[in-house]
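Visitor: Quick one: structure below, then a few questions.
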Amino acid sequence: MITLKGKSVQSGVVFGRIHFHCPDENNPGGEGVPAGDEFGRFKAAQTEALRQLEVLAEQTRAGIGQAEAELFDVHKLMLGDGDYLDIVTAGIAQGQPAEQAVAAAGKQMAGFLSGIQGGYIAERAADVLDVSGRVINILRGHAPREIKTDGPVILAGEQISPSQMVGLDKTRILAIATAEGSRYSHMAILAQAMNIPATVGLGDALTLDSDGKDAILDGEAGVIYIQPDQETAARMRQKLAGEQAQNAALALLDNSPDSTIDGKEVLVYANVASAEQAKEAAVNGCKGIGLYRSEFLFLGREGLPDEDEQYETYREILQAADGREVVLRTLDIGADKSCKYLNLEKESNPELGLRGIRLAFVWPELLITQLRAIYRASVFGRAAVLFPMIASVWEVDKLLALAASVRETLAGEGIDFDPNIPIGGMIETPAAALISDQLAKRLNFFSIGTNDLTQYTLAADRQNPALGDYYNQAHPAVLALIQMAAQNAKAADIPACVCGALAGDLAQTQTLLELGVDRLSVSPVQIPRLRAKIRALRLQED
Ligand code: PEP
Ligand code: MG
């Protein structure tokens, strides 16, 4: 028996056969002689890689989650990075074929990043290699890389790239074990979101030799036993039985309220991108859909969805939620999101530009069409509307007037709708938190978006991989703003939900509840554990 100890990423005991994956794309071979216009070939491959990454981000958004999809936005940034491009250009200028120049750039950048102290930045090395591998594959005329296995296996390798993770057939992957990597890696984040038991950093002793061998992975302990002895197998079987009993208990969490030991009831909601996900969330015991990001309906297509298409989509989600509240967020798109058919002006600072409702004000038809579709669908369930990127009271007044005029028109047309659906605002700018007393008097609920609230409070771009140590959703300044919004919501007797990634961080659940938050909206897979966590907490007195 070989015992390898690494770092735990996702818990779970798994018995299975190892499939050792050896990628070769970052090792150029056979491209000895430049084929011709190498720079032109590289540019074409770069464009195609960007296209593939957009598709991948969309798939990830729809199937896994928004935060996970943003990993691929990071890949797109890397592909346009000046230093990276300089190395490729220099290699080609020296007569190298494009494949070789790209491989050299990937290796050089990865070497540089992994030399930097501090987990987060060092971990971006794997992403650079992933991006380079993609471009090399395109240059070689190969199809996008997917890992294929001949049955359910424990997938092992030096590393598994983030894009390979997204393409995995979950029915054939029991667990993941890698020699390299840390729990900050994008692969690790994806394994957690996909709920696949995983252990990383198992060291150089995990090699191709392990391929085909029986093994047991203990995700919680971060250990893999290759060709386990009988005693270990018996011990692990016992641990597995314990886990299964616990999972069964989690799955069976009835629909009774999720309350802390001292009696605070918390509504656990779900963030979803599709009706399918809404169904999964319902099975996992969510009490509502706290965030439907309607951008998904607008991205990755050639033109705007019309009112009827939007209506159908919202109706499907409301029906999938089966009587639970569904918070439909209006379009939160800006010049940074790739919605080419909108032909938005390029902005030098898109995060601070025409985002969310700001775009709706310069293009009111967009919002009016969406609100009409939401109101029309509202008869199929319990809809709520949420406006993103609020920073001022006048914005809310203008939005409420717009919603009122939509209701008036629909009523005039004799269309059936629920005129009383709650209207809420995202608290995702520091301004919104600071004026939340005034906003609370106008709105029916708050949804605190910690992903953006953190970036705007700490002046740290949420997409910039170099800022990982600065971008901290649990920073005291962010928590102070959450508290302010939650307390003002309480004073006005309206609910305050947290729907950013902080809501799913179990280490912060107690803090959020003590700050006054009363709803948490997380990805569907996070729901059972969050519910169990809430039920085990005892809060401090105010
Ligand atoms: C947020 O900002 O926290 C949020 C939930 O919205 P998004 O991630 O879509 O910007
Ligand atoms: Mg946001």
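Visitor: Among the helices (runs of 4 or more DSSP H) lying completely within the range 353-446, list those that include at least 3 residues that are in contact with a Pro (Cβ under 8 Å, 6 or more places away or on another chain) and farther than 30 Å from A460 by Cα. Lay out the reasoning, then the answer.
Guide: Values: elements: 357-362, 364-377, 393-412, 430-434, 436-442.
It comes to 393-412.
Visitor: Considering only the range 311-348, how many residues are modelled with pLDDT of 90 or more, at negative phi and more than 19 Å from the chain's Cα centre (by Cα)?
Guide: Filtering the range 311-348 for residues modelled with pLDDT of 90 or more gives 311-332.
Retained after the next criterion (residues that are at negative phi): 311-321, 324-332.
In the following step, the residues that additionally are more than 19 Å from the chain's Cα centre (by Cα) were identified as 311-321, 324-326.
Here the count works out to 14.
Visitor: Out of the residues in the range 434-486 that are surrounded by 17 or more Cβ atoms within 10 Å (Cβ to Cβ) and among the aromatic types (F, W, Y), which is nearest to ligand 2 (Cβ to nearest atom)?
Guide: My answer is Y456.
Visitor: Right, another one. Just the residues that are assigned to a loop (DSSP other than H, G, I, E, B) and farther than 20 Å from L50 by Cα, please, taken from the range 294-312.
Guide: Residues of the range 294-312 assigned to a loop (DSSP other than H, G, I, E, B): 294, 299-306.
Answer for the range 294-312, where residues must be assigned to a loop (DSSP other than H, G, I, E, B) and farther than 20 Å from L50 by Cα: S294, L304, P305, D306.
Visitor: State whether one or more residues within the range 55-63 are closer than 21 Å to T454 by Cβ and among the charged types (D, E, K, R).
Guide: yes
Visitor: In the range 433-447, what count of residues is obtained for those that are of a type in the set (A, V, I, L, M) and more than 14 Å from A477 (Cα to Cα)? Step through it out loud before you land on a result.
Guide: At the first step, the residues of the range 433-447 found to be of a type in the set (A, V, I, L, M) are 433-435, 439-440, 443.
Next cut, more than 14 Å from A477 (Cα to Cα) only: 435, 439-440, 443.
Total satisfying the criteria: 4.
Visitor: Checking the structure you have, find out if any residue of the range 225-233 is within 25 Å of the chain's Cα centre (by Cα), over 23 Å from V128 (Cα atoms) and assigned to a loop (DSSP other than H, G, I, E, B). Walk me through it before giving the result.
Guide: Let us first name the residues in the range 225-233 that are within 25 Å of the chain's Cα centre (by Cα), namely none.
Scanning the range 225-233, I find no residue that is within 25 Å of the chain's Cα centre (by Cα), over 23 Å from V128 (Cα atoms) and assigned to a loop (DSSP other than H, G, I, E, B), so the answer is no.
Visitor: Quick check, is D308 modelled with pLDDT of 95 or more and surrounded by fewer than 19 Cβ atoms within 10 Å (Cβ to Cβ)? Break it down into steps so the answer makes sense when it comes.
Guide: On the way: modelled with pLDDT of 95 or more: yes; surrounded by fewer than 19 Cβ atoms within 10 Å (Cβ to Cβ): yes.
Considered against the rule, which asks whether it is modelled with pLDDT of 95 or more and surrounded by fewer than 19 Cβ atoms within 10 Å (Cβ to Cβ), D308 comes out as yes.
Visitor: Looking only at the range 287-303, which residues are closer than 23 Å to S256 by Cβ and within 16 Å of ligand 1 (Cβ to nearest atom)?
Guide: We begin by selecting, within the range 287-303, every residue closer than 23 Å to S256 by Cβ; these are 287-290.
Listed by number, the residues that qualify are G288, I289, G290.
Visitor: Quick one: is N451 in a helix (DSSP H, G or I) and in contact with a Lys or Arg (Cβ under 7 Å, 6 or more places away or on another chain)? Please lay out each step first, then the result.
Guide: On the way: in a helix (DSSP H, G or I): yes; in contact with a Lys or Arg (Cβ under 7 Å, 6 or more places away or on another chain): yes.
Yes: the conditions hold for N451.
Visitor: Working carefully through the options A485, A480, A503, find the one that is over 10 Å from I448 (Cβ atoms) and either free of Cβ contacts under 8 Å to residues at least 60 places away in the same chain or assigned to a helix (DSSP H, G or I) (or both).
Guide: Working: A485 fails: over 10 Å from I448 (Cβ atoms); A503 fails: over 10 Å from I448 (Cβ atoms).
Of the residues listed, the single one that is over 10 Å from I448 (Cβ atoms) and either free of Cβ contacts under 8 Å to residues at least 60 places away in the same chain or assigned to a helix (DSSP H, G or I) (or both) is A480.
Visitor: L344: out of contact with any strand residue (DSSP E or B) (no Cβ under 7 Å at 6 or more places or on another chain), assigned to a loop (DSSP other than H, G, I, E, B) and crowded, with 22+ Cβ neighbours inside 10 Å, yes or no? First the steps, then the outcome.
Guide: Values: out of contact with any strand residue (DSSP E or B) (no Cβ under 7 Å at 6 or more places or on another chain): yes; assigned to a loop (DSSP other than H, G, I, E, B): yes; crowded, with 22+ Cβ neighbours inside 10 Å: no.
Criteria not met by L344.
Visitor: Sticking with this one: Within the range 84-129, track down each residue that is under 28 Å from the mean Cα position of the chain (by Cα), at pLDDT 85 or above and either among the charged types (D, E, K, R) or within 18 Å of I160 (Cβ to Cβ) (or both).
Guide: G106, K107
Visitor: Turning to a different aspect of this structure: Just to be sure I understand the filter: pairs with C-beta atoms under 6 Å, separated by 6 or more residues or on different chains, first member in the range 260-289 and more than 16 Å from ligand 2 (Cβ to nearest atom), second member among the aromatic types (F, W, Y) and part of a strand (DSSP E or B). Which pairs pass?
Guide: Listed by first residue and then by second, the contacts come to C286/Y269; G288/Y269.
Conditions (1) touching a residue at least 24 places away in the same chain (Cβ under 8 Å); (2) within 10 Å of ligand 1 (Cβ to nearest atom); (3) acidic (D, E); (4) closer than 19 Å to E395 by Cβ, marked per residue:
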| position | (1), (2), (3), (4) |
| --- | --- |
| D418 | yes, no, yes, no |
| I427 | yes, yes, no, yes |
| A433 | yes, no, no, yes |
| Q438 | yes, no, no, yes |
| L453 | yes, yes, no, yes |
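Visitor: Quick one: count up the residues across the range 508-542 that are in a helix (DSSP H, G or I) and in contact (Cβ under 8 Å) with a residue 24 or more places away in the chain.
Guide: Keep residues of the range 508-542 that are in a helix (DSSP H, G or I), which gives 508-515, 524-535.
Then keep just the ones that are in contact (Cβ under 8 Å) with a residue 24 or more places away in the chain; that gives 508-515, 524-525, 527-535.
Within the range 508-542, residues that are in a helix (DSSP H, G or I) and in contact (Cβ under 8 Å) with a residue 24 or more places away in the chain number 19.
Residue-by-condition table, conditions (1) touching a Gly at 6+ places or on another chain (Cβ under 7 Å); (2) surrounded by 20 or more Cβ atoms within 10 Å (Cβ to Cβ):
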| position | (1), (2) |
| --- | --- |
| K170 | no, no |
| A175 | yes, yes |
| G181 | yes, yes |
| S185 | no, yes |
| L206 | no, yes |
| K213 | no, no |
| A221 | no, no |
| Y225 | no, yes |
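Visitor: Identify the residue in the range 43-70 that is in a helix (DSSP H, G or I) and at pLDDT below 75 and, among all such residues, is surrounded by the most Cβ atoms within 10 Å (Cβ to Cβ). Before the answer, list the steps.
Guide: Residues of the range 43-70 that are in a helix (DSSP H, G or I), as a first pass: 43-63, 66-70.
With at pLDDT below 75 added as a condition, the list becomes 62-63, 66-67.
Numbers: A62: 18, G63: 17, Q66: 21, A67: 18.
Filtering the range 43-70 for residues that are in a helix (DSSP H, G or I) and at pLDDT below 75, the one surrounded by the most Cβ atoms within 10 Å (Cβ to Cβ) comes out as Q66.
Visitor: From the set of residues in the range 500-541 that are of a type in the set (G, A, S) and more than 16 Å from ligand 1 (Cβ to nearest atom), which is surrounded by the most Cβ atoms within 10 Å (Cβ to Cβ)? Spell out the reasoning first.
Guide: Of the range 500-541, the ones of a type in the set (G, A, S) are 500-501, 503-504, 507, 516, 521, 523, 532, 536.
Now narrow it down to the ones that are more than 16 Å from ligand 1 (Cβ to nearest atom): 507, 516, 532, 536.
Working: A507: 9, G516: 18, A532: 15, A536: 11.
Ranking the candidates gives G516 first.
Visitor: How about the range 136-170: which of its residues are of a type in the set (V, I, T) and either without any contact (Cβ under 8 Å) to a residue 40 or more places away in the chain or within 25 Å of A62 (Cβ to Cβ) (or both)? Full working, then the answer.
Guide: Quick first cut of the range 136-170, residues of a type in the set (V, I, T) only: 136, 138, 147, 149, 153-154, 160, 166.
I138, I147, T149, I160, V166 - these are the residues of the range 136-170 that are of a type in the set (V, I, T) and either without any contact (Cβ under 8 Å) to a residue 40 or more places away in the chain or within 25 Å of A62 (Cβ to Cβ) (or both).
The values are calculated or read from the model by the stated rules, or taken from the named source; none is laboratory data. Note that the structure is predicted; figures quoted are calculated from it, not measured. Note: ideal-geometry Cβ built from the backbone for every residue, glycine included; neighbour counts use all protein chains shown.
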